[in-house]
Structure formats: C-alpha cells, structure tokens
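Read through the structure below, which is laid out as structure tokens, and then see the notes.
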Amino acid sequence: MDFYDLVGPGFKPDGDLAARLGYKSVFTAGNELLVIDAGKESGGHLPYVANGNNQGRLAYHAKNGAQGVMPDGFAADASLIETMRDGECIMVIAISQITQAGAESRPKMLYMAAKLFSACRKAGINVAFVSMARSRAYLESYIQMIELAKLIGADEQYARYSISRVNGTLGGMHD
C-alpha cells in the first residue's frame, strides 16, 4: 500500500526523508496541489483545496471544482457537508491544526476534528488526513498519521485507506 501526505507551502521534504517516513510521495501545497483561501474564485489550472472558515464560500468551492475542502478549526455546518456529498468533494483534516495548537486548545481541536470526521463519514464523504507540516519538525510518519487518525475516530482500515487512497486522489495519483 502506498501512502501520501500534503505539506504546507514552501516546505518540500526530500525524497529520502519521505521514503524513510513511509510515503511514496509528499505533495507540497502550491506545487502539485493548490491550497487557496476560500474567498478566492478558483484554484487556477492545478487541482485545489479550499481553506477557510466561511461556510458559504467553502460550499461554493465544493460545488465548483475543488478537490477538497479544509475548514479552519474543523467547523463545517450541515449545508456544507450536504454540498460536499453531492459534489463528491473530499474533506481534508489538517493534523497541523491539532499538533501545532497550544496545550489549552488541543483537546478542543481533537474534539472538533472527531465531530467533523464522524459527520463526514455518516454522510458518505471521504476524509483525507494530511499533516500540512510547514517544517521537518511537524512532519509525521505514515504510522503516526494512522495513529492520529485513529485518535480522531477512524478505525485502522479507514485510516490506512485515507492516507493511501484518499490522499493519493488529492495529489492526482488516483482517479
């Protein structure tokens, strides 16, 4: 099984590091896949993920070509989830929102991520677990990503499927 990750803009781990962490490929936001502010109109020529906290704008992108949606703070209302389901859009859970949160806010972020994951899976939406690491210090191995996905509520099988197949789809590796 091949595993994939998406990291933040400006950070591209070398192939040797990616392989040591168990990834076939690590995509960089802005290179293989754009991560755009939901306030913008489109992702241009590359596949893209819309990011932000405006539910209406995130839904707009889910309807109009975004590969995925990555809400700030893991907040997604029922309307956004329904729009994503209808458009077969992927929900992107950025683990960095948890790992880089302060000690006081980390439990809340875990709770919000778990709530979002549960709502998406009940609606039949695929969920991608990505690190969105901006430096080597925040890049997790695929095994750590699986364990973090399990902490959020995924079972082992879905966590592996997500980090392999769903993440690969985000980066254009699968149809």
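The values are calculated or read from the model by the stated rules, or taken from the named source; none is laboratory data. Just so we're clear, the structure is a prediction, and the values are computed from it rather than from any experiment. Ideal geometry is used to build each Cβ from the backbone, glycine not excepted, and the neighbour counts take in all protein chains shown. When the accessible area is computed, the model is the full protein with side chains, heavy atoms only, and any ligands, DNA or RNA have been set aside. Shrake-Rupley method; radii C 1.70, N 1.55, O 1.52, S 1.80 Å.
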query = For the chain, which whole percent of the accessible surface, found with a 1.4 angstrom probe, sits on carbon and sulfur atoms?
reply = 49
message = Taking 22 Å as R0, compute the FRET efficiency from the Cβ-Cβ separation of Lys122 and Asn54 and round it to 0.05.
response = 0.40
remark   = Per residue, accessible area of the chain with a 1.4 Å probe, heavy atoms of protein chains only, in Å², comes to 47
ask   = If r is the Cβ-Cβ distance from Asp86 to Asp16 and R0 is 41 Å, what FRET efficiency results, to the nearest 0.05?
value = 0.50
task = Only helical DSSP H runs with n ≥ 4 go in: add -39500 (n - 2.57) per run for the chain, normalise by residue count and round the 222 nm mean residue ellipticity to 500 deg cm²/dmol.
result = -10500 deg cm²/dmol
message = Quick check: pseudo-label points 7 Å beyond the Cα along Cα→Cβ at Asn31 and Ile143, how many nm apart are they?
response = 2.6
Unsatisfied cross-links (Cα-Cα over 27 Å) in the set Lys12/Lys40; Lys12/Lys63; Lys24/Lys115; Lys63/Lys122; Lys108/Lys150; Lys63/Lys115 = Lys12/Lys63; Lys24/Lys115
request  = Per residue of segment 11-17, in order, report the coupling 6.51 cos²θ - 1.76 cosθ + 1.60 (Karplus, θ = phi - 60°) as ³J(HN,Hα) in whole Hz, putting x for Gly and Pro.
outcome  = 10, 10, x, 5, x, 5, 5
request  = Please name whichever of Phe3, Tyr142, Pro47 sits farthest to the positive end of the charge dipole of the chain, dipole taken about the Cα centre and charges placed at Cβ: Lys and Arg +1, Asp and Glu -1.
outcome  = Tyr142
task = Enter the per residue convex hull volume of segment 130-175, computed from alpha-carbon coordinates, in Å³ rounded to the nearest integer.
result = 75
note = Rh (Kirkwood, all Cα-Cα pairs) for segment 30-137, Å, reads 13.9
inquiry  = Please compute the length gained on full extension between Ala78 and Arg106, using 0.36 nm multiplied by the number of residues separating them and subtracting their Cα-Cα distance.
reply    = 7.7 nm
For segment 79-95 and segment 133-175, distance of Cα centres in Å = 17
ask   = Over segment 6-106, what is the mean sequence separation of C-alpha contacts under 8 Å (at least six apart), divided by residue count, expressed as relative contact order in percent?
value = 17
ask   = Which of these, Arg57, Arg165, Arg106, has the largest mean-square fluctuation under a Gaussian network model of the chain (Cα springs below 10 Å)?
value = Arg106
